[in-house]
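Q: Before I ask anything, here is the structure I am working with.
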């Protein structure tokens, strides 16, 4: 089960269950940029999968960066995906501009899970 486990199997809640981890994404982005430096435009991948759209490796990296930044950015409805449905950080004027940097994030919703004691800084 990804994210917060509801079972003691495999040690119960583990710090290694999160589906979206910034350190791994950083390494992936770095690798894409370096491989593009080596292969140039000769190496293309379908992005997103199933779209039929072929991009070189350098063109794929900004899309990943944008999705990661989007976890912290305020959406048109005034909410940040990283805070899920937490009303304190979503609507309280004293906390609205305090995006927390969570340990990992849920795909689809972007809600942050795990440790949240680090600030992401001003966005």
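Q: If I filter region 63-111 down to residues being loosely packed, with under 11 Cβ neighbours inside 10 Å and either at positive phi or not in a helix (DSSP H, G or I) (or both), which single residue comes out as nearest to the chain's Cα centre (by Cα)?
A: The qualifying residue nearest to the chain's Cα centre (by Cα) is 108.
Q: Looking only at region 43-54, decide whether some residue is surrounded by 13 or more Cβ atoms within 10 Å (Cβ to Cβ), at positive phi and assigned to a loop (DSSP other than H, G, I, E, B).
A: no
Q: Kindly list the number of the only condition in (1) in contact with a strand residue (DSSP E or B) (Cβ under 9 Å, 6 or more places away or on another chain); (2) surrounded by fewer than 17 Cβ atoms within 10 Å (Cβ to Cβ) that fails for residue 35.
A: (1)
Q: Quick check on region 112-123: of everything there that is at pLDDT below 85, in contact with a strand residue (DSSP E or B) (Cβ under 6 Å, 6 or more places away or on another chain) and part of a strand (DSSP E or B), which residue is farthest from residue 75 (Cα to Cα)?
A: Looking at residues that are at pLDDT below 85, in contact with a strand residue (DSSP E or B) (Cβ under 6 Å, 6 or more places away or on another chain) and part of a strand (DSSP E or B), I get 118.
The values are calculated or read from the model by the stated rules, or taken from the named source; none is laboratory data. Note that the coordinates shown come from a computational prediction; the quantities given were computed from them, not determined experimentally. Positions of Cβ are generated from backbone atoms using ideal geometry, with glycine treated the same way; all protein chains shown enter the neighbour counts.
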